[in-house]
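J.: Here it is, the structure, as structure tokens.
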């Protein structure tokens, strides 16, 4: 029987150290979605994670219980200049909203927890641990527009939906809902 969020040990990794964990991350990812690790969905995750690990400022936080990897979260800052992240955002954001400096916005790219550990606070601990040490002014994430339960969780954690962007060729969804969370010390916990 799985324990609680208090039973897990959280560990931070930079991109170099995270590369050695990629196979284990894929197993957790597949379990979180209830798919076989050899399915296309997991292959697509492996590719995304590998690209994420190449980004400057990449950070991974893992959750382990009794030596087993039960969850993880990772992300990276958006680079300075014009970034794909906000392309096509609707409704039209306020002037300057999409300007990136390389230190303005952190992307929470993935947060995954094995099914046996879901609903026990592990995801929230991973989320808070990854974001608590960030120096950026805000974080962003993208979700399936039809994932109402996921939206409700993020909103309860203080995230605000800012709009929707179109998906691109090869994406799972035709569009993604984008959320933003201030990373100032006074943000809600």
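Each value in this text was obtained by applying a stated rule to the coordinates, not by laboratory testing. In this text, all values refer to a predicted model and were calculated from it rather than measured experimentally. All Cβ positions, glycine included, derive from the backbone under ideal geometry; neighbour counts span all protein chains shown.
J.: Once you place label points 7 Å from the Cα toward the Cβ at residue 135 and residue 41, how far apart are they in nm?
T.: 3.8
J.: Under a GNM of the chain (C-alpha, springs under 10 Å), which listed residue has the highest mean-square fluctuation: 91, 77, 166?
T.: The residue that fluctuates most here is 91.
J.: Pick from 87, 112, 64: which is most flexible by mean-square fluctuation in a GNM of the chain where alpha carbon atoms under 10 Å apart are linked?
T.: Greatest mean-square fluctuation among the candidates belongs to 87.
J.: Kirkwood Rh, region 6-70, all Cα pairs: how many Å? Walk me through the numbers on the way to the answer.
T.: Values: mean 1/r = 0.0807 Å⁻¹.
Across region 6-70, the inverse of the average 1/r is 12.4 Å.
J.: Follow-up question, since we're still on this one. Note down the Stokes-Einstein diffusion coefficient of region 1-109 in µm²/s, whole number, using a Kirkwood radius over alpha carbon pairs, 20 °C, and 1.002 mPa s. Intermediate values should be presented prior to the final figure.
T.: On the way: Rh = 15.7 Å.
For these conditions, the coefficient is 137 µm²/s.
J.: Quick one: pull the percentage of alpha-carbon pairs in region 78-133 with a separation above 20 Å. Mind showing how you got there, number by number?
T.: Working: 704 of 1540 pairs.
The share of Cα pairs beyond 20 Å in region 78-133 comes to 46 percent.
J.: If you don't mind, there's one more thing I want to ask. For region 5-182, what's the relative contact order in percent, using C-alpha pairs closer than 8 Å and at least 6 residues apart? Write down the numbers at each step before the final one.
T.: Details: 306 pairs, mean separation 36.3, N = 178.
Rounded, it is 20 percent for region 5-182.
J.: Based on DSSP, what percent of beta bridges with both residues in the chain are antiparallel, to the nearest 5? Working shown, then result.
T.: Values: 33 of 36 bridges.
Of the beta bridges lying entirely in the chain, close to 90 percent run antiparallel.
J.: Which whole number in µm²/s is D for region 65-162 by Stokes-Einstein, with the Kirkwood Rh taken over Cα pairs at 20 °C and 1.002 mPa s? Walk me through the numbers on the way to the answer.
T.: Working: Rh = 15.0 Å.
The Stokes-Einstein estimate is 143 µm²/s.
J.: Can you give me the angle between helix 122-132 and the longest principal axis of the chain, using Cα atoms only, in degrees from 0 to 90, rounded to the nearest 10?
T.: For 122-132 against the chain, the angle is about 50 degrees.
J.: Can you check what the Kirkwood hydrodynamic radius comes to for the chain, Cα pairs only, in Å to one decimal?
T.: Details: mean 1/r = 0.0585 Å⁻¹.
Final number for the Kirkwood radius of the chain is 17.1 Å.
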